[in-house]
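Asker: The structure that follows is given in the form of structure tokens.
The values are calculated or read from the model by the stated rules, or taken from the named source; none is laboratory data. Just so you know, these numbers come straight off a predicted model, no measurement behind them. Every residue, glycine as well, gets a Cβ built from its backbone with ideal geometry; the counts of neighbours run over all protein chains shown. Each accessible area value is taken on the protein alone, full model and side chains, heavy atoms only, with ligands, DNA and RNA left out. Shrake-Rupley method; radii C 1.70, N 1.55, O 1.52, S 1.80 Å.
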Amino acid sequence: MKDIQTREDIILVMRKFYDKLLADDSINFFFTKVTLVDQHLEEHFDTLATFWEQALFLKGGYKNNMFQKHLDVHQKSPFNQEHYQTWLQHLHTTIDENFEGNNAEQMKTMSQSMATIMQIKFN
């Protein structure tokens, strides 16, 4: 298996990750009812790819405040410990199923850090 190296690799991870999220009734309502992300997935994947390109490859271009966006969702429908665990499990599984290497490990580490910070700041 190869490492995550391109924007296309990131989009592949996001597509497969969101397939898992949207199929999981314990968390899919955040994407189908609270935010309606499921109605504009391609645009969302593009935003996520830009975020992760900046995080992993230092490319720049991401202009949003990721924490504020998630805080806005949390204020509509609070995230709990199980939501964070489910989100991380699906993301890490998706990465492991498709990639291996430094960037794949970095993406898992960064996502764990983001989830930890959100839990501390939002609760």
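Asker: For LEU36, are the conditions met, namely being at positive phi, surrounded by fewer than 18 Cβ atoms within 10 Å (Cβ to Cβ) and at pLDDT below 95?
Answerer: yes
Asker: Taking the criterion of being out of contact with any Lys or Arg (no Cβ under 6 Å at 6 or more places or on another chain), open to solvent by 30 Å² or more (accessible area, probe 1.4 Å), polar (S, T, N, Q) and over 16 Å from ILE11 (Cα atoms), would at least one residue in region 44-63 satisfy it?
Answerer: no
Asker: Step by step: first the residues of region 92-123, then only those that are among the polar types (S, T, N, Q) and in contact with an Asp or Glu (Cβ under 7 Å, 6 or more places away or on another chain), then the one that is nearest to LEU48 (Cα to Cα). Which residue is that?
Answerer: As a first pass, look at region 92-123 and keep what is among the polar types (S, T, N, Q): 93-94, 98, 102-103, 106, 109, 111-113, 116, 119, 123.
Remaining after also requiring in contact with an Asp or Glu (Cβ under 7 Å, 6 or more places away or on another chain): 102-103.
Details: ASN102: 19, ASN103: 16 Å.
Among them, the one singled out is ASN103.
Asker: Also: Mind checking which residues of region 68-123 are among the small types (Gly, Ala, Ser) and in contact with a Leu (Cβ under 9 Å, 6 or more places away or on another chain)?
Answerer: Within region 68-123, SER111, ALA115 qualify.
Asker: What pairs come up if the first residue lies in region 15-44 and is within 16 Å of HIS70 (Cβ to Cβ), the second is open to solvent by less than 70 Å² (accessible area, probe 1.4 Å) and acidic (Asp, Glu), and their beta carbons are under 6 Å apart, counting only those six or more places apart or on different chains?
Answerer: PHE31/ASP38
Asker: Please go through region 102-123 and pick out each residue that is surrounded by 14 or more Cβ atoms within 10 Å (Cβ to Cβ) and more than 14 Å from the chain's Cα centre (by Cα).
Answerer: Answer for region 102-123, where residues must be surrounded by 14 or more Cβ atoms within 10 Å (Cβ to Cβ) and more than 14 Å from the chain's Cα centre (by Cα): ASN103, GLU105, GLN119, PHE122.
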